[in-house]
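Asks: This structure is in structure tokens; I'll ask about it shortly.
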Amino acid sequence: MSVKVAFPHMGNAYIPLRALLESLGAEAVVPERPNRRTVSVGARHAPESACLPFKVTLGDCMDALERGAELLAMVGGMWACRFGHYGRVQHMILRDLGYRFQSLIISRENVGEVLEALRRFLGPEALRRVPAALAMFRAKAAAVEEVERWVRWARPREEVSGSADALCDRVLAELDGADTLRRVRELRRLFRLEVRTLSIDRGFEPLRLRLVGELYVLLEPALNHDLVRRLGSVHRVEVQPVLSTYRWLLGPLWLDPRIQFTGYVARRRARPYLPYVLGGEEHMTLAGILTAAREGFHGVIHAYPLTCMPENVCRAVIPGIPAEKRLPYLSLCIDEHTSAAGMEVRLEAFLDLVRSSRQASEGARAVTGAYIPGSLKTAERAFPWAARNGPLLR
């Protein structure tokens, strides 16, 4: 009988992770999406000074164990950010609470131990399945990335409210159930055909915001009060995070060299302001702010959890960036007490500021005849297959 393996939630990362585990011969136990109970239970048993992602993922582990998980898998490592120690500390807390389970801490420092654990828990044939499992893992991660990027672009431009999200949710559910590479490729092909039939307001140019900050807060809607979806559907604002599930999953495995290259470029760009590696997403945060204007964005939202060391360092660095190199930005510090209503008030005030800044900037550029980066060319580069009856949006 296959071992039941669980992992914490983070956005839609469960889709490729479930595929990886099942391809190796394990049974994936996916906890419920983080909710108020998850946050409450995790915060009750976590150290008070721990960051919100620690508390939520601890609650995820408790939910998974109550669903029958026998093995808890978690990423670890030796770096300055406390994330590298999540797994060991959380598993100690869970055992103190009376839970019984096996631990699998995955890091670059213990590759041999991980392979031996796979052989022990899943049998010797599991190692022979690794190449095929990684191929399915990468294929589903790339498909999820494509769907997520498109729906973030489409939400503010859709003519029928909710149509983009309905398509996205259905395709993601089908991807989760796909059991072959051929089926994953077929679903991507069908998705590209279907988006051409979606009614899009081709003359509307929404505000475009870049979202930077701590990875888990950026990608898990339960932590940021569904920030990206609400800005797109309610305020008709396009929001694109500088980080993604695809990058986080494939980067450590070196399955896509482009990820390492973009990380190197980000460190080079941020070096004048932060020459040290802190172990988080600090260089992607600063590089995302520095390049936002040239990439057609009108403002930046910096979201991070309370007590997050790398992002709090960034928060102190950002005001030192020259005004001509950064756009209007909003700093959102999030913990378990952050309310959706309070965040909404701050977002509305920030959007008013960005709209005023955009009008002033476009007015000045219209006088000088300077090029105004916008979403037309950006969208055509990102989604060339989404065009309907000619170039996209025209």
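Asks: Among the numbered criteria (1) of a type outside the set (Ser, Thr, Tyr); (2) over 18 Å from Glu214 (Cβ atoms); (3) outside any loop (DSSP other than H, G, I, E, B), which single criterion is violated by His302?
Replies: Among (1) of a type outside the set (Ser, Thr, Tyr); (2) over 18 Å from Glu214 (Cβ atoms); (3) outside any loop (DSSP other than H, G, I, E, B), His302 violates only (2).
Asks: For the subset of region 328-338 comprising residues that are touching a residue at least 60 places away in the same chain (Cβ under 8 Å) and in a loop (DSSP other than H, G, I, E, B), which member is nearest to Tyr304 (Cα to Cα)?
Replies: Looking at the filtered set, the residue picked out is Asp335.
Here's the yes/no breakdown for (1) modelled with pLDDT under 95; (2) within 17 Å of Pro221 (Cα to Cα):
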| site | (1), (2) |
| --- | --- |
| Ser2 | yes, no |
| Val5 | no, no |
| Pro8 | yes, yes |
| Ile15 | no, yes |
| Ala19 | no, no |
| Gly25 | yes, no |
| Glu32 | yes, yes |
| Arg37 | yes, yes |
| Ser40 | yes, yes |
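Asks: Further, regarding this structure: Of all the residues that make up region 267-306, how many are over 20 Å from Val228 (Cα atoms) and among the acidic types (Asp, Glu)?
Replies: 1
Asks: Which of the following residues is modelled with pLDDT under 95 and either part of a loop (DSSP other than H, G, I, E, B) or not β-branched (Val, Ile, Thr) (or both): Leu290, Leu278, Leu347?
Replies: Unique residue meeting the criteria: Leu278.
Asks: Looking only at region 106-113, decide whether some residue is surrounded by fewer than 19 Cβ atoms within 10 Å (Cβ to Cβ), over 20 Å from Trp254 (Cα atoms) and not polar (S, T, N, Q).
Replies: No, region 106-113 contains no residue that is surrounded by fewer than 19 Cβ atoms within 10 Å (Cβ to Cβ), over 20 Å from Trp254 (Cα atoms) and not polar (S, T, N, Q).
Asks: Could you figure out which of (1) of a type in the set (A, V, I, L, M, F, W, C); (2) touching a helix residue (DSSP H, G or I) at 6+ places or on another chain (Cβ under 9 Å); (3) touching a residue at least 60 places away in the same chain (Cβ under 8 Å) isn't true of Phe121?
Replies: With respect to (1) of a type in the set (A, V, I, L, M, F, W, C); (2) touching a helix residue (DSSP H, G or I) at 6+ places or on another chain (Cβ under 9 Å); (3) touching a residue at least 60 places away in the same chain (Cβ under 8 Å), Phe121 is out only on (2).
Asks: So, one more: Among the residues of region 39-57, is any β-branched (Val, Ile, Thr) and in contact with an Asp or Glu (Cβ under 6 Å, 6 or more places away or on another chain)?
Replies: Yes, that holds for at least one residue.
Asks: For region 259-285, give me each residue that is touching a Cys at 6+ places or on another chain (Cβ under 6 Å) and under 23 Å from Leu209 (Cα atoms).
Replies: Gly280, Glu282, Thr285
Asks: Check Val89, Val39 and return the single one that is in contact (Cβ under 8 Å) with a residue 60 or more places away in the chain, β-branched (Val, Ile, Thr) and out of contact with any His (no Cβ under 6 Å at 6 or more places or on another chain).
Replies: Val39
Asks: Residue check: is Arg100 in a helix (DSSP H, G or I) and either under 21 Å from the mean Cα position of the chain (by Cα) or farther than 30 Å from Ala173 by Cβ (or both)?
Replies: no
Asks: If you don't mind, another one. Go through (1) free of Cβ contacts under 8 Å to residues at least 12 places away in the same chain; (2) surrounded by 13 or more Cβ atoms within 10 Å (Cβ to Cβ); (3) of a type outside the set (D, E, K, R); (4) under 30 Å from Val130 (Cβ atoms) for Val234 and report which single condition fails.
Replies: Checking Val234 against (1) free of Cβ contacts under 8 Å to residues at least 12 places away in the same chain; (2) surrounded by 13 or more Cβ atoms within 10 Å (Cβ to Cβ); (3) of a type outside the set (D, E, K, R); (4) under 30 Å from Val130 (Cβ atoms), the one that fails is (4).
Asks: Could you list, in sequence order, the residues of region 177-228 that are under 30 Å from Lys55 (Cβ atoms), outside any helix (DSSP H, G or I) and not basic (Lys, Arg)?
Replies: Scanning region 177-228 gives Leu209, Leu211, Val212, Gly213, Glu214, Glu220, Pro221, Ala222, Leu223, Asn224, His225, Asp226.
Asks: If we only count helices (runs of 4 or more DSSP H) wholly inside region 1-71, which ones have 3 or more residues that are surrounded by 21 or more Cβ atoms within 10 Å (Cβ to Cβ) and within 17 Å of the chain's Cα centre (by Cα)?
Replies: Hits in region 1-71: 14-24, 52-66.
Asks: Based on this model, can you work out whether Ala135 counts as part of a helix (DSSP H, G or I), under 27 Å from Leu306 (Cα atoms) and either of a type in the set (Ser, Thr, Tyr) or touching a residue at least 40 places away in the same chain (Cβ under 8 Å) (or both)?
Replies: No: the conditions fail for Ala135.
Asks: Quick one: count up the residues across region 15-30 that are free of Cβ contacts under 8 Å to residues at least 60 places away in the same chain and either among the β-branched types (Val, Ile, Thr) or within 21 Å of Arg229 (Cβ to Cβ) (or both).
Replies: 2
The values are calculated or read from the model by the stated rules, or taken from the named source; none is laboratory data. Just so it is clear, the structure is predicted and the values come from calculations on it, not from any experiment. Note: ideal-geometry Cβ built from the backbone for every residue, glycine included; neighbour counts use all protein chains shown.
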